[in-house]
1. If you go through region 153-206 one residue at a time, how many are of a type in the set (D, E, K, R), part of a loop (DSSP other than H, G, I, E, B) and within 17 Å of SER51 (Cβ to Cβ)?
2. Would you tally the residues in region 325-357 being within 16 Å of ASP215 (Cβ to Cβ), near the ligand (Cβ under 9 Å from one of its atoms) and open to solvent by 10 Å² or more (accessible area, probe 1.4 Å)?
3. Can we say GLY360 is within 10 Å of the ligand (Cβ to nearest atom) and either polar (S, T, N, Q) or open to solvent by less than 20 Å² (accessible area, probe 1.4 Å) (or both)?
4. Among the residues of region 223-237, what is the count of those that are part of a loop (DSSP other than H, G, I, E, B) and away from the ligand (no atom under 12 Å from the Cβ)?
5. Do any residues in region 63-82 that are not assigned by TED's automatic domain parsing to the domain that holds VAL96 have Cβ atoms under 6 Å from those of residues that are open to solvent by 10 Å² or more (accessible area, probe 1.4 Å) and at pLDDT below 95, where the two are at least six apart or on different chains, and which pairs are they?
6. Find all pairs meeting these conditions: Cβ atoms under 6 angstrom apart; at least six residues apart or on different chains; first residue within region 304-331 and within 23 Å of PRO362 (Cα to Cα); second residue more than 10 Å from the ligand (Cβ to nearest atom) and part of a loop (DSSP other than H, G, I, E, B).
7. Tell me, yes or no, whether region 463-471 has at least one residue that is within 15 Å of ILE444 (Cβ to Cβ), surrounded by 21 or more Cβ atoms within 10 Å (Cβ to Cβ), away from the ligand (no atom under 16 Å from the Cβ) and assigned by TED's automatic domain parsing to the domain that holds GLY440.
8. Which of the strands (runs of 3 or more DSSP E) contained wholly in region 1-113 include at least 1 residues that are among the basic types (Lys, Arg)?
Amino acid sequence: MTLTGQMMDQPLSISALIEYAEKYHGDTEIVSRRTEGDIHRYTYADAAVRSRQLASALQKNGVEPGTRLATLAWNGYRHLEIYYAVSGIGAICHTVNPRLFPEQIGWILNHAEDSHIFVDLTFLPLIEAVYASLTAKPTVVVLTDRAHMPDSSLDLVCYEELLAQGDSSGFEWPVLDEQTASSLCYTSGTTGNPKGVLYSHRSTVLHAWASCMPDVLNLSATDVILPVVPMFHVNAWGLPYAAAMVGAKLVFPGAGLDGPNLCELFSNEGVTLTAGVPTVWLAVLNYLAETGGNLGVLNRTVIGGSACPPSMIDALQDKYGVRVIHAWGMTEMSPIGTIGAPKARHVANDSFRPLQEKQGRPPYGVDMKIVDADGRDLPWDGKAYGDLWVRGPWICSGYYKPEKPDPHENGWFPTGDVATIDADGYMQIVDRSKDVVKSGGEWISSIELENIAMAHPAVAEAACIAARHEKWDERPLLIVIRKPGAVVDEAELLSHFEGKIAKWWLPDAVLFVDEIPHTATGKVQKLKLRERYGDYLITSQVTV
Ligand code: AMP
């Protein structure tokens, strides 16, 4: 018979994170660029007091456990307070991506039936545009003080006035079951309606704990963390929780996600770690090349959301001394799935650089495998590729109020990505299964072709799509934005692929364009590109 352990049964909870930061790192700063235009500074102690005050105000206003409260906001201290206050009282912090189309935002708010929407000044017009279509008629709270309250056709509540109704001193965080839902984030699905992923206190704390591990983000109280990744994209990849867990200084860039604003914060605030999608770095690197600036004391950056081009790894590491941590994950995974961290022998013989192009290996807590079309395991030889399946305590077990049956396969979550895994457990994304180019039954990785194109000095951005082909069904078509003033033609760019890939992988054509569309989370919108250019190889014409 088993014996029960005699350890304290303390549920993992999000409120305990901010309590810890208040008690042990109370004077550590949180710095925010505000939509009002200025820089705001306070400490973890202030954030904890105001989170309790907001929690108390929300309870006074009738917010019950289980209620969903939406945010449409940039990264900033008020958004952080909502993260802690809402989850801390057993309600659900539902971050909405303001870059989605208004109809999608309306659909998501109706699906979640939010009781409140906390909105930054910048995004109020979005809510005004969709409000009539919202069935739950949520209370709209504007994240500002009385002096900056805007005129509106809607009845608005001022955040600072709402907060003032609360009492921080008499408030104690309720003890919640650790499986209580804490936050909600919808996937930016390219087809169909968005799907809601409902995180719990337990999954959030375990994910934050894992993020801090040395082979993951190696976070500490000496770090200064600037999440470029928005708090509406998988909870800024969990950084607002992990930072509190170690007492690291936080720097929130607000709406200033461009090269000049970010570089100013990197230098002025002594940022040591940042995180974001590759497109953000395209802008920052261009800005640095133009101005001859530097990245201050930044020493590592987490890049994920899309494959990090090798040329970007080289530029950041060799020119600016910033180590690239290439990461892969999904909204459904909180999001961390794999991280590019070396093993001892890679350090000993300085052999890690090529492996950084892979998406990395899982930390403890994530289990993965690749399978064929019948769900049979494929070998881990770095060559065989198949559908990537994952499982673990911070991976979703089903969607919130699903429209379709649960996608799980025997306890595994099929990611929709196609990948290889090598003998050391390093995973490489070949493609999103929808984006892989199926040429005569053989597969071509659009990511690999994009990475090669991006390494050409005249290329600013490249996207490869499966274009319809009469003989081979699909063939790769490369779509390229040239760098300003750069000269390169199709023949030269194609010759740049020689010796780097099998001949039959060579793109059939190169199209030079001025713009490549991106999704609300910064990924190339391949669906849109396929709609526009999918018949190019048949007709050599663009569908407008
Ligand atoms: P999202 O849930 O919006 O963050 O999107 C998750 C998807 O982004 C994954 O299933 C991958 O297709 C893609 N993705 C995330 N990180 C990477 C990466 N490092 N390399 C390639 N694709 C990635």
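The values are calculated or read from the model by the stated rules, or taken from the named source; none is laboratory data. Predicted model, so just to flag it, every value in this text is computed and none were measured. Positions of Cβ are backbone-derived with ideal geometry, glycine not excepted, and every protein chain shown enters the neighbour counts. Protein only, heavy atoms only, side chains kept; ligands, DNA and RNA dropped before computing areas. Shrake-Rupley method; radii C 1.70, N 1.55, O 1.52, S 1.80 Å.
1. 2
2. Within region 325-357, residues that are within 16 Å of ASP215 (Cβ to Cβ), near the ligand (Cβ under 9 Å from one of its atoms) and open to solvent by 10 Å² or more (accessible area, probe 1.4 Å) number 3.
3. So GLY360 passes the test.
4. In the first step, residues of region 223-237 are kept if they are part of a loop (DSSP other than H, G, I, E, B); the result is 223, 228-233.
Add one more test, that the residue is away from the ligand (no atom under 12 Å from the Cβ), and what stays is 223, 228, 231.
The qualifying residues number 3.
5. The qualifying pairs do not exist here.
6. Once the first residue is within 23 Å of PRO362 (Cα to Cα) and sits in region 304-331, its partners that are more than 10 Å from the ligand (Cβ to nearest atom) and part of a loop (DSSP other than H, G, I, E, B) give VAL322/LEU295; VAL322/LEU298.
7. Scanning region 463-471, I find at least one residue that is within 15 Å of ILE444 (Cβ to Cβ), surrounded by 21 or more Cβ atoms within 10 Å (Cβ to Cβ), away from the ligand (no atom under 16 Å from the Cβ) and assigned by TED's automatic domain parsing to the domain that holds GLY440, so the answer is yes.
8. On the way: elements: 29-33, 39-43, 68-72, 92-95.
Once the strands (runs of 3 or more DSSP E) in region 1-113 are filtered for at least 1 residues that are among the basic types (Lys, Arg), what remains is 29-33, 39-43, 68-72.
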